[in-house]
Structures are given as C-alpha cells and as structure tokens.
Amino acid sequence: MYTFTAQRWNRSRTRSLLKGLAFISPWLVGFAAFVLYPIAASAYYSLTRYDVLRAPRFIGLENYIELFTKDEIFRTVLSNTVYLVVLGVPAGLVVAFLLASLLNRKMKARPLFRTIFFLPVLVPAVASAEVWRWVYNTNYGVINAMVKSWGLPVIPFISSMQLAKPSLILIHMWTQGTAIIIFLAALQDVPRSLKDAARVDGANALQRFWHVTIPICTPAILFVTLTGMIGMFQYFTLGWLLTQGGPNEATEFFSLYLYRNAFQYFKMGYASALAWILFVIILIFTLLIFRSSARWVYYAGES
Amino acid sequence: MKTMDGNVNTTTNLSRRRFLQWSAVGMGGAALAAACATPAAPAASEDAAAPAEETVEIAWWHAWGGTTGMAAMVGVAEAFNAEGRSVQVERLHVPEMNDKLLAAIAGGTPPDVGVCCVQYAQLYSRGAVMPLDDFIDRSEIIQHDAFVDGLIESMQWQGSTYGVPGFEAGPRYGLMYNKALVEEAGLDASQLPRTWEEMFEWHVELTRFDDAGNVEVVGFDPRDATAGNGPATNIPQFWALTYGLDIWDAETNTFNYDDERFISALTTLKRFTDHVGVQQMESFRSSFSGWTQSPSSSFPSGVQAMLVTGYYAPGELSHSAPDKEFGVGWAPVAEARKGATFQSVGGHPMYIPNGVENVDAAFEFIEFCTQDKAQNVIFENTGWLGGLKEIYDPDLPKYQKYSGLDWFLRSVNDATELWACPVIPIQGFVNQERSRTYEAVIFGDKEPEQAAQDMQEACTEEMRKQFPELLG
C-alpha cells in the first residue's frame with residue numbers, strides 16, 4: 001500500500017515550476033493565441049451579429065434560437081450530416097476492417113496490395129474529386145458509358161437527390177487507408193494462443209474471427225469509430241468540390257453551411273453559433289460512444 | 001571564451017539559473033526593441049546619394065486564373081512594370097478570393113488593389129473598401145461619365161463610388177445558338193424566338209433523347225450562364241428582367257420577389273426543365289458544366305443548342321469550340337412584353353481596400369488598367385472589354401476577330417431597355433436564395449407562388465437583421 005505524503009511547497013519548487021513554464025512558454029503562447037483565444041472569441045461571436053468588417057453587435061442567444069426554431073435549412077443540414085455519419089462511418093469501418101483482415105493473410109505481393117489500398121489517402125482531395133467526377137459522370141463516365149452502351153438509362157450518382165449521399169459515402173469507403181493500417185496493426189497483435197485455443201475448442205474460422213479477432217481489435221475499432229465520426233461531422237472538401245451542396249440541398253452538410261454563412265453571407269456570428277452546435281453534437285456522440293464502449297471494448301490489460 | 005593571453009578557456013561559470021535569467025532579459029529586450037522599431041527603411045548608407053524617386057511596390061490580387069485569364073493578368077502586370085514608373089506591381093493569383101480578402105481586410109493586411117470575384121456589394125456597404133470619387137475627380141485619365149451607362153452605378157453604394165471598371169465589363173445578355181443544331185432541327189435562324197412561348201417550341205424541337213430515354217441534346221438550359229446567375233453587382237437576375245421586373249428597390253432597400261412576374265418567371269423556368277425531366281437536366285448539368293470557356297462545357301461541346309450569355313462568349317467560343325459556328329440575337333421576353341429588347345452592362349470593379357497605405361500608387365495602377373495598353377493585352381488574351389464608352393465601337397477592326405461580338409456591342413445602343421446591376425448589401429445571401437428557390441421549384445418541393453413568397457420573406461428578414469438601419 002502506498003502512502004501519500006504532501007510535499008511542502010517551497011521556493012525551490014516555485015523556481016522549478018517557473019523554469020518549466022519558461023521552457024514550454026513558446027507552446028503556451030501559441031496555444032493561448034491560436035487555440036484558446038479563437039475558441040473564446042468564437043463563443044463570444046456566436047452571441048453577436050458579426051460580419052468581420054463591422055463591430056459585433058451583442059444579440060444574446062438569438063443566433064441559437066433562430067437556428068433551432070426558424071432555420072429550415074439547418075434542419076436539412078443536420079439530417080444530411082447525421083445520415084452521412086450514421087451510414088458512412090460504419091460502412092467505412094466495415095470495409096477497412098475486412099480489407100485489413102484480407103491484407104493480414106499470407107498471400108503473394110502482400111506489400112503491394114497494402115500500398116495500393118493506402119494510396120487513396122495520399123491522393124489530394126481535388127485530384128480525388130476530379131477522378132470521381134469522371135467515374136460518376138452520367139454522359140462519359142466510366143460506369144455510365146457502359147450503361148449507355150447497353151441501352152439502359154444512366155445512373156445519376158451525384159445528380160440525384162437519392163443517390164448523391166450514398167455516392168459520397170462510396171468515395172469515403174475508398175479512402176480508408178489510414179483505418180486499414182490501424183486495423184492491420186491491431187490484427188497483428190491478436191495472440192496466436194487465443195486462436196489456437198479456440199480452434200482446439202472446436203471453433204470454426206468465422207467463429208474465431210467473431211469471438212476472438214474482433215474482440216481483441218475493439219480498442220482499435222473504438223479509435224477508428226471516434227476519429228471517423230468526428231471527421232464525418234466535419235465533412236467538407238469532397239462535398240464542396242463534387243456537389244456544392246446540391247442537388248436541391250441533398251448534400252448540404254454542416255461544414256458547408258457553416259462556410260457559406262461565414263464567407264458568402266458574411267454572417268460570422270451565425271457561423272460561430274453553428275460551430276458551437278457542431279462541437280456540442282460531436283461531444284454528445286463522443287460521450288455516447290465512450291459510455292457504450294464499456295460494453296463492447298475489450299482491453300487485454302484489464303482483469 | 002578567449003582569455004587575455006589568447007588561450008581558450010573551455011570552462012564556464014554560467015549556471016542554468018543565470019542562463020535562464022540572461023535568456024529572459026535577452027528575449028524581453030529583443031521584443032521591446034522589435035515593438036519600438038520603426039518600419040524597416042531601405043538599407044542605404046548616409047553617404048549614398050538618395051534615389052531620385054523612391055519605387056513603391058503595390059500588391060495586386062486577382063481571382064481569375066485559367067490559361068487565358070492568367071495570361072491576361074501576367075501581361076497587364078508586365079506592361080505596367082515595363083513603363084518605368086515609380087510604382088511597381090506585384091501580382092498574386094488568389095483563388096477563392098472572397099475568404100482570403102475578408103481575412104486580409106480583417107487582419108489589416110489587405111492587398112493594395114483587388115479585382116474579381118468577391119461579394120462586391122457586401123464590401124461596399126460595410127465600408128471595407130475605399131470610396132474612389134475624390135481620385136476619379138482629380139484624375140486626368142478616368143472620369144465618371146467615361147463608362148457605359150449604368151456600369152459605374154453598379155459600383156456605387158449610397159452615392160459613393162467604390163470601384164472602377166477595368167478588366168471585365170460588358171453586355172450580359174444575348175441568345176447564342178449553335179447554327180448546325182438549329183439547321184438540323186429545321187428551324188429558321190433568321191427568326192429567332194422572341195418570347196418564352198416561342199422559345200419553348202424551339203426547346204422542344206432541339207432537345208433530343210436516345211432510345212433509353214437519356215438526354216442527348218438539350219435545347220435550352222434555363223439555369224446556364226448568365227440566365228442562371230445573379231443578382232449581383234456584375235450580373236442582374238435574368239429571369240426577373242426578362243419579365244420586366246427589377247427585384248431590388250434601391251430607394252427603399254426592399255425586394256420584389258413576391259411580384260406576379262417573378263412567379264411567372266419561375267413557372268417558365270420549371271416548364272423548360274420539365275420537358276427534359278428534372279433528373280435528366282440535373283445529370284446533364286453536372287456532366288458538362290456550363291458557360292463557354294471550357295471545351296467540355298455543354299454549349300461549346302455541341303450538346304446544348306441555345307444559351308443566354310454575355311459578350312465574352314464569342315471570344316471564349318473561338319478557343320473552346322473553334323470547329324463550330326454560332327449565332328446570336330436578343331434574349332426572349334415574356335409574352336406581354338413582346339418586342340422589348342433588353343440589355344444590361346455589368347462588370348467587375350477594381351477596388352482599393354480600406355487600410356491600404358499606397359493609395360495613390362494603387363489608383364495609378366487602376367488608371368493604367370482602364371487604358372488602351374492594358375485593355376489590348378486583356379482583349380487579346382481573353383476577349384474581355386473594360387467598360388469605357390469609347391471602346392464600344394462595334395466597327396473597330398479588333399472586334400471582328402470574334403464572330404458575334406459586334407452584335408453584343410451594338411446591343412447596348414439598340415436595346416429598348418438598359419438595366420443596371422443591383423447593389424444589394426446582402427448579395428451573397430440573395431444569390432444563394434435564388435439558387436435554392438429555382439431548385440425548390442424545379443424539383444417540385446414548392447409551387448412557384450410559395451417559392452417566390454418564401455424568397456421574399458427570407459431576403460427581407462435577412463436585410464432586417466443585417467441592415468436594420470436601412471429599412472426605416
């Protein structure tokens with residue numbers, strides 16, 4: 001049993017603390033100037049009518065009230081974003097895990113396949129958008145050219161209200177290289193002894209995968225789910241480049257709407273309120289996932 | 001450390017504590033010195049003779065890029081710098097300029113001169129750019145009345161002028177058509193449609209589908225090019241004007257979107273879309289993109305027969321579709337206005353943000369850009385005009401270079417109506433609402449009456465929030 005003895009604060013410890021603070025002061029200054037101040041400023045601006053070019057006008061909670069009671073587009077934006085998160089994150093996760101499992105098997109040219117699956121992560125978003133624009137193009141796209149040659153109606157991937165979001169999710173599934181690497185590391189950490197024990201107990205391959213491999217990988221799954229969820233709530237680049245929020249606001253996501261308010265309408269106060277709402281939503285989802293993790297995440301170090 | 005006898009002493013008595021103290025003193029002193037320092041002056045010895053005239057360097061931001069646009073910008077900067085003036089310009093291509101300019105102005109580091117593609121009216125109305133009337137009054141090169149009617153007015157807010165037309169300004173509306181497609185459809189190009197009823201008949205004749213029902217050629221896309229744009233200080237809102245409606249009342253700072261004519265315009269817009277099918281039209285638009293600059297756009301690539309567009313299209317088409325022939329005539333109007341011919345001259349202003357120090361130098365560059373030397377560089381590379389009345393002579397030899405350009409130039413004088421572009425202080429919001437309203441109607445989410453009413457309410461409410469003082 002450890003006993004805790006309070007150490008007396010003396011001049012030496014003060015000096016030590018000051019030295020420590022002096023050494024990390026560049027970081028502290030940077031953190032205060034570029035993180036703390038913007039956070040505090042955006043909290044204040046969210047309570048104002050502010051267009052950057054004129055002085056902010058304090059309006060209390062009016063921005064928030066308007067967002068929740070009057071702004072119809074906000075509801076559309078919220079529903080589009082939740083759709084993307086609820087379907088996109090699990091879809092990306094499943095694809096990444098399955099691909100990582102495949103890449104974890106002994107096979108020829110394994111490093112080559114691993115590189116190929118990671119490549120989409122390295123492709124700049126603008127280049128990705130152009131490639132996918134061509135893939136999805138209804139007139140000369142690689143898929144629809146075939147469809148047309150068979151005498152069938154083309155598939156309006158990103159120009160249909162129903163298909164636009166799933167088509168963007170498909171692109172998201174293509175860019176799972178980072179998650180694949182994380183899962184691959186987790187899969188390589190699965191103890192062989194556990195698999196062997198399960199085999200001795202008569203478990204088939206699927207049962208071993210379900211009851212041994214996946215539980216051991218749940219910490220990695222939790223991490224990928226959390227980071228994927230946060231990234232998906234902030235989804236912007238491909239949506240902006242490929243659909244600009246259309247057709248008919250089918251892909252108007254949270255970050256797009258925030259950007260539009262800030263830089264097209266010069267409504268920085270309203271955009272700040274949107275940013276804080278997004279923060280709270282992400283926080284709630286994160287807490288929910290964390291709380292649920294006690295039921296499904298297995299940490300080998302815990303008894 | 002070197003001792004008096006010249007030997008190197010490798011020991012030191014500097015403790016960590018002392019080191020930190022001296023470091024703190026040194027950093028504090030440096031910071032103090034930096035804070036008190038005057039702006040860096042040109043390094044020159046006192047003995048050296050001062051130059052006859054100090055060279056001032058100004059920063060110029062432009063959003064236009066692309067092959068032709070960039071060539072024009074580079075050419076203008078080089079032409080200016082080659083003049084041997086005491087002002088030199090440093091050019092910077094700034095895509096997505098709206099965001100960056102806003103941040104630069106707010107941060108106190110704006111460029112000396114800007115041109116293109118920001119929410120101009122929003123900058124004017126919020127005092128973010130400088131009034132230029134005093135400079136224009138003093139100028140021997142630029143005069144208020146030197147520009148085409150209505151153009152300088154589109155760069156004014158509450159009586160002050162915030163921009164000067166320089167790089168791109170001109171007539172915004174002409175109905176261009178693909179001669180081969182019109183001929184194939186058996187239509188008479190000498191009798192172009194003058195009303196939307198007649199236009200719809202052409203649209204039906206020209207639109208073609210394949211056996212699977214996929215659209216192959218669209219007669220007319222009512223949301224392409226200038227037909228689908230505005231309202232902004234450089235392009236009005238076409239669908240309102242064609243019905244004879246000015247959507248913005250500058251006297252009262254109010255909107256007229258709930259007017260019957262706007263509802264009729266929305267109904268017509270939907271009718272054209274419905275003939276193709278909203279899904280087909282949307283796919284077509286996303287496949288080919290629009291306007292005339294790119295060879296892969298629908299009109300240059302020959303899969304769209306008619307287009308409402310501006311004077312720059314002949315020049316752009318000569319590059320993007322050199323193998324095709326195009327004609328041009330008046331844009332159609334509502335049945336009730338049959339016989340009316342309308343035009344609007346809009347343009348991108350050159351402006352000087354507030355907070356700029358080299359204002360005279362910045363204005364000197366603006367003056368240069370409005371004149372022949374710069375204008376010729378711009379025209380040669382892009383086919384763009386600058387808005388001066390004196391260059392609107394359709395018979396000038398250089399204008400014969402692009403087929404149809406002379407029609408646009410003549411149209412300014414021939415039109416029965418010449419509309420000015422509206423200066424709406426919440427331009428970005430209204431523009432997005434326009435796009436939203438069109439989509440809500442063509443996708444069938446709202447009836448035109450409801451959509452018009454909603455747009456009127458949304459824009460009025462936004463105006464009340466952002467400029468309550470203007471609504472009385």
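Which fully enclosed helices (runs of 4 or more DSSP H) of region B:194-281 have 3 or more residues being of a type outside the set (Phe, Trp, Tyr)?
B:196-206, B:260-276
Inspect region A:175-188 for any residue being in a loop (DSSP other than H, G, I, E, B), more than 14 Å from chain B (Cβ to nearest Cβ) and among the small types (Gly, Ala, Ser) and give the result as yes or no.
no
Given the criteria buried (at least 18 other Cβ atoms within 10 Å of the Cβ), over 14 Å from B:TYR351 (Cα atoms), at pLDDT 90 or above and outside the structural domain of B:ARG194 (by TED's automatic domain parsing), does B:VAL113 qualify?
So B:VAL113 fails the test.
Out of region B:77-106, which residues are under 18 Å from B:CYS117 (Cα atoms) and more than 14 Å from chain A (Cβ to nearest Cβ)?
Hits for region B:77-106 are B:ARG91, B:LEU92, B:HIS93.
Of the residues that make up region A:208-215, is at least one in a loop (DSSP other than H, G, I, E, B), more than 14 Å from chain B (Cβ to nearest Cβ) and in contact (Cβ under 8 Å) with a residue 24 or more places away in the chain?
No: region A:208-215 contains no residue that is in a loop (DSSP other than H, G, I, E, B), more than 14 Å from chain B (Cβ to nearest Cβ) and in contact (Cβ under 8 Å) with a residue 24 or more places away in the chain.
Test each condition in (1) modelled with pLDDT of 95 or more; (2) in contact with a Pro (Cβ under 9 Å, 6 or more places away or on another chain) for A:THR76 and report the one that comes out false.
Looking at each condition in turn, A:THR76 falls short on (2).
Among the residues of region B:242-263 satisfying the criterion of being under 21 Å from B:THR195 (Cβ atoms) and open to solvent by 10 Å² or more (accessible area, probe 1.4 Å), which is farthest from the chain's Cα centre (by Cα)?
If we take residues in region B:242-263 being under 21 Å from B:THR195 (Cβ atoms) and open to solvent by 10 Å² or more (accessible area, probe 1.4 Å), then B:GLU260 is farthest from the chain's Cα centre (by Cα).
Just the residues that are more than 22 Å from A:VAL95 (Cα to Cα) and either open to solvent by 40 Å² or more (accessible area, probe 1.4 Å) or in contact with a Leu (Cβ under 9 Å, 6 or more places away or on another chain) (or both), please, taken from region A:177-203.
Residues satisfying the conditions are A:PRO191, A:ARG192, A:SER193, A:LEU194, A:LYS195, A:ASP196, A:ALA197, A:ARG199, A:VAL200, A:ASP201, A:GLY202.
For region A:9-53, how many residues meet the condition of being outside any helix (DSSP H, G or I) and open to solvent by less than 70 Å² (accessible area, probe 1.4 Å)?
Count: 8.
Matching residues to (1) of a type in the set (Ser, Thr, Tyr); (2) farther than 30 Å from B:GLN280 by Cβ:
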| residue | (1), (2) |
| --- | --- |
| B:GLN143 | no, yes |
| B:GLY150 | no, yes |
| B:PRO165 | no, yes |
| B:GLU184 | no, no |
| B:THR195 | yes, no |
| B:MET199 | no, no |
| B:GLU205 | no, no |
| B:PHE209 | no, no |
| B:PHE220 | no, no |
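Inside region A:257-280, can you point out the residues that are free of Cβ contacts under 8 Å to residues at least 60 places away in the same chain and assigned to a helix (DSSP H, G or I)?
A:LEU258, A:TYR259, A:ARG260, A:ASN261, A:ALA262, A:PHE263, A:GLN264, A:ALA271, A:LEU278, A:PHE279, A:VAL280
Quickly run through region B:53-87 and pick out the residues that are farther than 25 Å from A:LEU53 by Cβ, open to solvent by less than 50 Å² (accessible area, probe 1.4 Å) and not in a helix (DSSP H, G or I).
B:VAL56, B:GLY65, B:SER86, B:VAL87 - these are the residues of region B:53-87 that are farther than 25 Å from A:LEU53 by Cβ, open to solvent by less than 50 Å² (accessible area, probe 1.4 Å) and not in a helix (DSSP H, G or I).
Let's see how each residue does on (1) within 8 Å of chain A (Cβ to nearest Cβ); (2) assigned to a helix (DSSP H, G or I); (3) buried (at least 23 other Cβ atoms within 10 Å of the Cβ):
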| site | (1), (2), (3) |
| --- | --- |
| B:CYS421 | no, no, yes |
| B:GLN432 | yes, yes, no |
| B:TYR438 | no, yes, no |
| B:GLN453 | no, yes, no |
| B:GLN456 | no, yes, no |
| B:LYS465 | yes, yes, no |
| B:GLU469 | no, yes, no |
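Can you tell me which condition A:ILE143 does not meet? The list is (1) outside any helix (DSSP H, G or I); (2) within 14 Å of another protein chain (Cβ to nearest Cβ); (3) of a type in the set (A, V, I, L, M), and all the others hold.
So the condition that A:ILE143 fails would be (1).
May I ask you to verify whether B:GLU251 is more than 14 Å from every other protein chain (Cβ to nearest Cβ) and free of Cβ contacts under 8 Å to residues at least 40 places away in the same chain?
So B:GLU251 passes the test.
Go through region B:122-137 and report how many residues are open to solvent by less than 10 Å² (accessible area, probe 1.4 Å) and more than 11 Å from chain A (Cβ to nearest Cβ).
2
Got a sec? Which of B:GLU316, B:GLU325 is modelled with pLDDT under 95, open to solvent by 20 Å² or more (accessible area, probe 1.4 Å) and farther than 30 Å from B:THR55 by Cβ?
Matching residue, one of B:GLU316, B:GLU325: B:GLU316.
From the residues in region B:274-306 that are in contact (Cβ under 8 Å) with a residue 40 or more places away in the chain and under 19 Å from the mean Cα position of the chain (by Cα), which one is nearest to the other protein chains (Cβ to nearest Cβ)?
Once the filter is applied, the top-ranked residue is B:GLY290.
Considering region B:363-411 alone, what residues qualify as being in contact with a Gly (Cβ under 7 Å, 6 or more places away or on another chain), farther than 17 Å from B:MET176 by Cβ and polar (S, T, N, Q)?
Once the filter is applied, which keeps residues that are in contact with a Gly (Cβ under 7 Å, 6 or more places away or on another chain), farther than 17 Å from B:MET176 by Cβ and polar (S, T, N, Q), region B:363-411 yields B:THR370, B:GLN375, B:ASN381, B:THR382.
Among the residues of region A:94-122, what is the count of those that are in a helix (DSSP H, G or I) and either closer than 18 Å to A:THR225 by Cα or among the polar types (S, T, N, Q) (or both)?
Within region A:94-122, residues that are in a helix (DSSP H, G or I) and either closer than 18 Å to A:THR225 by Cα or among the polar types (S, T, N, Q) (or both) number 10.
For every residue, the table says whether it meets (1) closer than 22 Å to B:THR242 by Cα; (2) assigned by TED's automatic domain parsing to the domain that holds B:TYR120; (3) out of contact with any helix residue (DSSP H, G or I) (no Cβ under 7 Å at 6 or more places or on another chain).
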| residue | (1), (2), (3) |
| --- | --- |
| B:PHE167 | no, yes, no |
| B:SER190 | yes, no, yes |
| B:GLU197 | yes, no, no |
| B:VAL204 | yes, no, no |
| B:GLY213 | no, no, yes |
| B:PHE220 | yes, no, no |
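Can you find a residue that is assigned to a loop (DSSP other than H, G, I, E, B) and open to solvent by less than 10 Å² (accessible area, probe 1.4 Å) anywhere in region A:231-245?
yes
In region B:369-412, what count of residues is obtained for those that are hydroxyl-bearing (Ser, Thr, Tyr) and touching an Asp or Glu at 6+ places or on another chain (Cβ under 7 Å)?
1
Of all residues in region A:58-77, count the ones that are without any contact (Cβ under 8 Å) to a residue 60 or more places away in the chain and not acidic (Asp, Glu).
8
Scan region B:169-186 and tell me whether some residue there is closer than 23 Å to B:PHE342 by Cβ, open to solvent by less than 10 Å² (accessible area, probe 1.4 Å), in a helix (DSSP H, G or I) and in the same structural domain as B:ILE378 (by TED's automatic domain parsing).
No, region B:169-186 has no match at all.
Among the listed residues B:SER297, B:SER286, which satisfies the condition of being open to solvent by 20 Å² or more (accessible area, probe 1.4 Å) and either farther than 24 Å from B:GLU198 by Cα or not hydrophobic (A, V, I, L, M, F, W, C) (or both)?
Result: B:SER286 is the single residue among B:SER297, B:SER286 that is open to solvent by 20 Å² or more (accessible area, probe 1.4 Å) and either farther than 24 Å from B:GLU198 by Cα or not hydrophobic (A, V, I, L, M, F, W, C) (or both).
The values are calculated or read from the model by the stated rules, or taken from the named source; none is laboratory data. Computed from a predicted structure; not experimentally measured. So basically every Cβ, Gly included, is an ideal-geometry build from the backbone, and we count neighbours across all protein chains shown. Quick note on the areas: whole protein, heavy atoms, side chains included, nothing else; ligands and nucleic acids left out. Shrake-Rupley method; radii C 1.70, N 1.55, O 1.52, S 1.80 Å.
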